Structure formats: structure tokens, C-alpha cells
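The structure under discussion appears below in the form of C-alpha cells.
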Amino acid sequence: MQISKNSVVTFHYTLKDAEGTVLDSSSGREAFAYIHGGGMIVPGLEEQLEGRTAGDSLLAVVEAGKGYGEIDPQLLQKVPLDNFGGQTVEAGMQFQTPDNRVWSVMEVEEGHAVLNGNHPLAGVTLHFSVDIHGVREATQDELSHGHVHGEGGHHH
């Protein structure tokens, strides 16, 4: 069966940046499972998996715009340290705002914190090594729940 909309796909992957640094991997874990066409993985990888079958291996290079997006300059902000209610703020810290955005403190300088609200992989070209293990039709329960059930997926 070929990968198409509403297929359940299971695959192992290694994700690297352009310099070859491993950013993530499913090695040593269950294969990753998702419903194709549901927006569960980055669009550029989903596009490159379309039409593939179990047993296929590929190197998928995904430009930032079809991965985690380009860096949004509006999400780079300089905020006065007074806004942190007196708590210590240091580079590398992260915090979540009420709208569920995670912000990283890039640096602290002259009474301000420089914050980045972009995804950590925004602006990065992604290099996925993928081994497809299984392709099947999603069940009606999986489609209505919006996730894979059973092996590699959600267990009720």
C-alpha cells in the first residue's frame, strides 16, 4: 500500500542539521506512528513520504519554510528585567506565557532580557533519514480520535 491521506505510517528516523549534528532519533524506541495528511509531522517530510511504501528508505531534506518555519523577527524581543517580577533571569532559561508560547532567554544585557519565541528549529534545514516500516489504512476510530491506536500509537 502506498502512503496517502488517512494512511497510518510507522517509520524510524534520524534527524540532523546541515552540519550533520543529530537533533533527534527514534533509535532504541518504537517506530514513530502518525496519520498521513493530518498535519502531525512537518509538511516537507509529509510531502516527501507521499506515495512511498513499507520497506522504502529515504533522505528527506526539508527547508525551514516546510519544517518549523523561518525565524519570525517579531518573536525576537528585548524585555526589561523589571517585567520578570524580581526573579533571576539567565541565558538558557525558558518560560511559557499564558498563550502557551515557550520563550527562551537568549541573553541578558544592560537591564534587558533578549527573548526568542520561535521554535528551536525555526530557520533550520532539516535532514531526515527515514526507514518506513508499515503503511495501512487508518481505522474509523483512529480518524475520529485524530491519532493512531495500538503499536506505536495511543493506547486507550
State all residues of region 27-47 that are in contact with a Leu (Cβ under 9 Å, 6 or more places away or on another chain) and assigned to a loop (DSSP other than H, G, I, E, B); if no residue qualifies, say none. His36, Gly38, Ile41, Val42
Test each condition in (1) surrounded by 12 or more Cβ atoms within 10 Å (Cβ to Cβ); (2) under 16 Å from the mean Cα position of the chain (by Cα); (3) not aromatic (Phe, Trp, Tyr) for Glu50 and report the one that comes out false. (2)
Given the criterion under 25 Å from Thr14 (Cα atoms) and of a type outside the set (D, E, K, R), identify the matching residue among Leu75, Leu49, Leu81, Leu115. Leu49
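Only one residue in Ala31, Ala64 is farther than 28 Å from Val105 by Cα and either touching a strand residue (DSSP E or B) at 6+ places or on another chain (Cβ under 8 Å) or touching a residue at least 40 places away in the same chain (Cβ under 8 Å) (or both). Which one?
Details: Ala64 fails: farther than 28 Å from Val105 by Cα.
Criteria check complete, one pass: Ala31.
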For region 101-118, pairs from a residue that is on the phi > 0 side of the Ramachandran plot to a residue that is in a strand (DSSP E or B), with Cβ under 9 Å and 6 or more apart or across chains, are Gly111/Pro80
Any idea which residue in region 1-26 is nearest to Glu137 (Cα to Cα), counting only those that are part of a loop (DSSP other than H, G, I, E, B) and acidic (Asp, Glu)? Asp17
Selected residue [at pLDDT below 95 and surrounded by fewer than 13 Cβ atoms within 10 Å (Cβ to Cβ)] from Gly39, Gly20: Gly39
Restricting attention to strands (runs of 3 or more DSSP E) lying wholly within region 82-149, give those where 1 or more residues are surrounded by fewer than 12 Cβ atoms within 10 Å (Cβ to Cβ) and under 17 Å from the mean Cα position of the chain (by Cα). none
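The values are calculated or read from the model by the stated rules, or taken from the named source; none is laboratory data. Everything quoted here is computed from the prediction, not taken from an experiment. No Cβ is skipped: glycine too gets one built from the backbone with ideal geometry, and neighbour counts run over all protein chains shown.
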